[in-house]
Amino acid sequence: MVLSKAAGWALNVSEDVIPYIQEDMIQCRKNPENPGPVWKFSENSIYLSPAVALEAAKPHIIQTGGVMMGLFDGIYYLAVLVAAVLSFLLGWLWYSPMLFGKAWMTEMGMTKESMDKAQKEGIGKMMAMGFLIAFLTAFYLAHYIAPGGDMMHAIKWGLFAWIGLVVTTNASDYIWGKRSMKLFIINMTHHAVVIVMVCILFTLWK
């Protein structure tokens, strides 16, 4: 039995789980100001993001012997790959002279000569690591943003994750590392734009 299925996102559980999840999701839908994690709802179908579906069903899955979703199940890898490429390109543009590259170099205490030298010595490794980071970010978000879901809800969730995970964890580095607020703003707004872009891409993905 498929509990959660939205454009290929699926979680297999036993028949006994369905009534429990339907009851929980109906309660969420009764509050229009806070519809909860439901992306789509009809009489016979419940559409959730994979991670939310797993969390909602977990207690009942354990009791009924259902099959729990794995880390790599239900992921749209093509969407993740496209999101990673776009994020990588956005990063290149963001830190280029066309946007914030010069200001970033100044705040980092770097010159054009030192930047050119660093790129020549390890440009391949830097690009590979940058793309890996972009891919992992998209892969993480893919567990929570379902294709065809509500865009504004996804953006709000993405910004909440940005504040709770990205800004807070990076803030201590800037405080103790005595980095400038300007550098902090340049980097953190870059992360925010990337996350919002990926959330929008996933909700538009068919």
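Each reported figure results from applying straightforward, stated rules to the coordinates on display, with no laboratory input. All of these numbers come straight from a predicted model, not from anything done at the bench. Cβ coordinates were reconstructed from backbone atoms using ideal geometry, including for glycine residues, and neighbour counts include every protein chain displayed.
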- request: Would you mind classifying the range 100-145 by shape? Square roots of the alpha carbon gyration tensor eigenvalues, ordered a ≥ b ≥ c; an a/c under 1.5 is rounded, otherwise it is prolate if a/b is larger than b/c and oblate if not.
  value: oblate
message: Test of understanding: what is the full-extension gain from Ile185 to Met151, defined as 0.36 nm times their sequence separation minus their Cα-Cα distance?
response: 9.7 nm
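How long is the gain from Met98 to Thr111 if the chain were fully straight, where each residue apart is worth 0.36 nm and the alpha carbon distance is subtracted?
Details: separation 13, 0.36 × 13 = 4.68 nm, distance 1.64 nm.
Net length gain for the segment: 3.0 nm.
DSSP loop (so not H, G, I, E, B), at most 13 other Cβ within 10 Å: list which GluC sites (Glu not before Pro) in the range 84-140 pass both filters.
Values: sites: Glu107, Glu113, Glu121; in loops: none.
Answer by residue number: there is no such site.
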- request: State which entries of Lys102/Lys156; Lys117/Lys182; Lys156/Lys206; Lys182/Lys206; Lys125/Lys156; Lys156/Lys178 exceed 28 angstrom in Cα-Cα distance in the structure shown.
  value: Lys102/Lys156; Lys182/Lys206; Lys125/Lys156; Lys156/Lys178
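Just how many % of Cα pairs in the range 77-204 lie over 17 Å apart, if you round to the nearest whole percent? Before the final figure, lay out the partial values.
Working: 5051 of 8128 pairs.
When all Cα pairs of the range 77-204 are counted, 62 percent exceed 17 Å.
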- prompt: Taking Cα centroids, how far is the range 143-206 from the range 86-129 in Å?
  reply: 20 Å
